[in-house]
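Please read the structure below before turning to the comments.
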Amino acid sequence: TDWFCRRCKLHAFGESCCVCGNPNGALKPTTDGRWAHVVCAFYIPELYIKNDQKMEPIAGIQEISNQRRQLKCLYCDEKKLTIQPFVTRIRLQRTLKGGYAIKDSYRAPELEDLRKESQKGACVQCCHARCLVAFHPQC
């Protein structure tokens, strides 16, 4: 049988993760009516999943501290986008072996806005006392 994530089942296509800001990936509903990645729920200590069988809803969103939301993601700061697959147009070129290869692609003009939004999301930080490394779970 076909599998669909909850976001697609409920036709909530414009939604992004309220924890990390990334619009890609399978999302689950939260207790406050938004959407979040299960991986974000696993890595962000304030979050938990209410029903282990269904892996939803994700709770504790309001418990995420402002300090955690202010952390800078190591990967987003290096411009390694968590939203790289967000491409609006791809031109294919036929190969000699009869297949296709990507000739070029065009990224949506709002990509930079999405990257900036992604930088605002809650991060996980290294537990070592002198380490400042932080990153989004999806990065």
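The values are calculated or read from the model by the stated rules, or taken from the named source; none is laboratory data. From a predicted model like this one, the values you see are computed outputs, not experimental measurements. Positions of Cβ are generated from backbone atoms using ideal geometry, with glycine treated the same way; all protein chains shown enter the neighbour counts. These accessible areas exclude ligands, DNA and RNA; they are computed on the full protein's heavy atoms, side chains included. Shrake-Rupley method; radii C 1.70, N 1.55, O 1.52, S 1.80 Å.
A quick yes/no check of all residues on (1) charged (D, E, K, R); (2) buried (at least 16 other Cβ atoms within 10 Å of the Cβ):
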site: L10; (1), (2): no, no
site: V19; (1), (2): no, yes
site: L27; (1), (2): no, yes
site: A36; (1), (2): no, yes
site: C40; (1), (2): no, yes
site: N51; (1), (2): no, no
site: E56; (1), (2): yes, yes
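Please indicate, with yes or no, whether at least one residue in the stretch 82-96 is touching an Asp or Glu at 6+ places or on another chain (Cβ under 8 Å), assigned to a loop (DSSP other than H, G, I, E, B) and either at pLDDT below 90 or on the phi < 0 side of the Ramachandran plot (or both). No: zero hits. Scanning the stretch 1-25 for residues that are touching a strand residue (DSSP E or B) at 6+ places or on another chain (Cβ under 7 Å) and free of Cβ contacts under 8 Å to residues at least 60 places away in the same chain returns C5, R6, R7, A12, E15, C18. Among what's in the stretch 54-76 and is assigned to a loop (DSSP other than H, G, I, E, B) and of a type outside the set (A, V, I, L, M, F, W, C), pick the residue that is farthest from G121 (Cα to Cα). Only one residue tops the list, namely K54. Residue-level analysis places L71 outside the set of residues that are aliphatic (A, V, I, L, M) and open to solvent by 40 Å² or more (accessible area, probe 1.4 Å). Among residues of the stretch 50-75 that are over 18 Å from R7 (Cβ atoms), those with a beta-carbon under 9 Å from a residue that is open to solvent by less than 40 Å² (accessible area, probe 1.4 Å) and in a helix (DSSP H, G or I) at least six positions away or on a different chain give the pairs G60/A41; C73/S118.
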